[in-house]
Amino acid sequence: MRKSLRWALSLSVLIGTVGSTGVATAADTETGSATVVDSQSTSTDIKDRILAIPGMSLIEEKPYAGYRYFVLNYEQPIDHHRPWAGTFQQRISILHKDTSRPTVFRTSGYGLSTTPSRTEPTRIIDGNQVSMEYRFFTPSRPQPADWSKLNIWQAASDQHRIFQALKGIYGQKWLSTGASKGGMTATYYERFYPRDMDGVVAYVAPNDVVNKEDSAYDRFFETVGTKDCRDRLNALQREALVRREPLEKKYKAWAESEGATFNTVGSLDKAYEAVVLDFVWGFWQYYGQDVCDQIPVAATASDDAVYETIDAYSGWSAYTDQGLEYYTPYYYQAATELGSPTIKQPHLKGLSRYGYQPASSFVPREIPMKFKPQAMRDVDDWVRKNARQMLFVYGGNDPWGSEKFRLGKGARDSYVYVAPGANHGATVAGLVDAERENATARILAWAGVPAPAVAAAKPLARFDARIDRPVDEDATREHGLRP
């Protein structure tokens, strides 16, 4: 096993570096700084140097003040174990600041937004940012799609090849980051290619080690927020099932008007219940205690108020065929490697017909699936024993943080922090003072920033609301129970 893995890693490194072994020093025309240039390109323009990489092609360039922003395709093997057996085009983007600056490698674990944006670590280190669309999210999907090639090792190998291709241009320190499934992705990348990155910042990353053991989520929902808020949410959720018949009529009328169908989940009734069962989870994932008073009182709420409130926090479109289509790669991975939570919700006893439906219920039936329980156990064990320069940030009121990554005696210079009261949008900035300062200092140090800036423990770039958006828009196009 170890021999075959080393062979595969060595081969993927070789493929990722073909044509980029010769380097020469030249001036970066954007910044005037000394940089490393691919020997095949005589141009000093950053776009020309990027496009000189074998397999790289330009989709578009978009202007943004202080940066150059490129959306690109990069040719990847469908199967990194058998790189000769076909390729596909994977979208990436590069937010270029200066080749003398460190670089952040970011993925949402989902698709790729082509609007320029900057992660918190990118702002902290004032660096470049490379973003990757996760394989099998369209348009980065091989055709025909062999779904057996969608797994965490293949995706980590995608990142590895992109890093190998770009490190000759961006030669300073690299950090990887991501939020939610992106934080999971950054962690898996570190597990399989621990020598690539100089640090990892993983936000709100669930760690479902044993898929069938989800009592941590039940404990979360028994204690989060105030009892009054919990009771209010539970009552409205229950009311939506009590009034199932009239509210399903509304749902059916909406579905017909929108052309929405339910072939994957199986019926409108199953989709209706799945959305209702997500309501309390969605409230705590995206919102919080401060808006609990906006939830209608179940006993006196009109049908319209109940229906519209469920829609606002869960989204009636989430389990239609149209709503599920984009997320098929996520549900496939949840059903084969990542796992997915199941919660008991005793207040719905006697009303719920299906309970929390497994992730496989949301994948088209023609796609074969088999769960591999060893995948998450392996990652969890590796993190506990081998984490180096890894930071995990969670929100205190985020249900996805119920099952966290944890560090063991073998971990070094690594941290797990929880932002009090924060939801699924938890950040380093939201940590308590001592943890925020330490986290910021460690990120700066891992990025190779000079010691005085590390000691100051403050982001090097100012916050810019146009480019520093708090929500990971690649992952939250629709509501629904997804990290």
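Restricting attention to the range 356-383, and to residues there that are charged (D, E, K, R) and closer than 26 Å to F405 by Cβ, which single residue is surrounded by the fewest Cβ atoms within 10 Å (Cβ to Cβ)?
Checked the range 356-383; the qualifying residue surrounded by the fewest Cβ atoms within 10 Å (Cβ to Cβ) is K370.
Using beta carbons and a limit of 7 Å, which pairs, at least six apart or on different chains, have the first residue in the range 157-175 and touching a residue at least 12 places away in the same chain (Cβ under 8 Å) and farther than 21 Å from P121 by Cα and the second one among the hydrophobic types (A, V, I, L, M, F, W, C) and part of a loop (DSSP other than H, G, I, E, B)?
A165/I53
Scan (1) touching a residue at least 60 places away in the same chain (Cβ under 8 Å); (2) surrounded by 21 or more Cβ atoms within 10 Å (Cβ to Cβ); (3) in contact with a helix residue (DSSP H, G or I) (Cβ under 8 Å, 6 or more places away or on another chain); (4) not hydrophobic (A, V, I, L, M, F, W, C) for the single condition G323 breaks and write down its number.
G323 satisfies every listed condition except (3).
Can you name every residue in the range 98-128 that is more than 20 Å from S180 (Cα to Cα) and surrounded by 24 or more Cβ atoms within 10 Å (Cβ to Cβ)?
P102, T103, I125, G127, N128 - these are the residues of the range 98-128 that are more than 20 Å from S180 (Cα to Cα) and surrounded by 24 or more Cβ atoms within 10 Å (Cβ to Cβ).
Against the definition (part of a loop (DSSP other than H, G, I, E, B), open to solvent by 60 Å² or more (accessible area, probe 1.4 Å), under 16 Å from G355 (Cβ atoms) and of a type in the set (D, E, K, R)), how does K212 come out, yes or no?
yes
Six or more apart or on different chains, Cβ under 7 Å: which pairs go from a residue in the range 62-79 that's touching a residue at least 60 places away in the same chain (Cβ under 8 Å) and assigned to a loop (DSSP other than H, G, I, E, B) to one that's surrounded by fewer than 16 Cβ atoms within 10 Å (Cβ to Cβ) and of a type outside the set (S, T, Y)? Could you list them?
I78/A85; I78/G86; I78/D146; D79/A85
Looking at the range 279-316, which of its residues are aromatic (F, W, Y), open to solvent by 10 Å² or more (accessible area, probe 1.4 Å) and either in contact with a Pro (Cβ under 7 Å, 6 or more places away or on another chain) or more than 22 Å from G395 (Cβ to Cβ) (or both)?
The one that is aromatic (F, W, Y), open to solvent by 10 Å² or more (accessible area, probe 1.4 Å) and either in contact with a Pro (Cβ under 7 Å, 6 or more places away or on another chain) or more than 22 Å from G395 (Cβ to Cβ) (or both): Y307.
Just to be sure before I move on: is K181 under 27 Å from the mean Cα position of the chain (by Cα), closer than 24 Å to Q333 by Cβ and at pLDDT below 95 in the structure I sent?
No: the conditions fail for K181.
Being within 17 Å of the chain's Cα centre (by Cα), in contact (Cβ under 8 Å) with a residue 60 or more places away in the chain and not in a loop (DSSP other than H, G, I, E, B) is the filter here; which residues of the range 89-121 pass it?
Q90, I92, V104, F105, R106, T107, E120, P121
Go through the residues of the range 217-224 one by one and say whether even a single one is modelled with pLDDT of 95 or more, open to solvent by 20 Å² or more (accessible area, probe 1.4 Å) and either of a type in the set (G, A, S) or not in a helix (DSSP H, G or I) (or both).
No, the range 217-224 has no match at all.
The values are calculated or read from the model by the stated rules, or taken from the named source; none is laboratory data. A quick note: this is a predicted structure, and the numbers were derived from the prediction, not measured. Heads up, the Cβs are rebuilt from the backbone with ideal geometry, glycines too, and the neighbour counts pull from every protein chain shown. These accessible areas exclude ligands, DNA and RNA; they are computed on the full protein's heavy atoms, side chains included. Shrake-Rupley method; radii C 1.70, N 1.55, O 1.52, S 1.80 Å.
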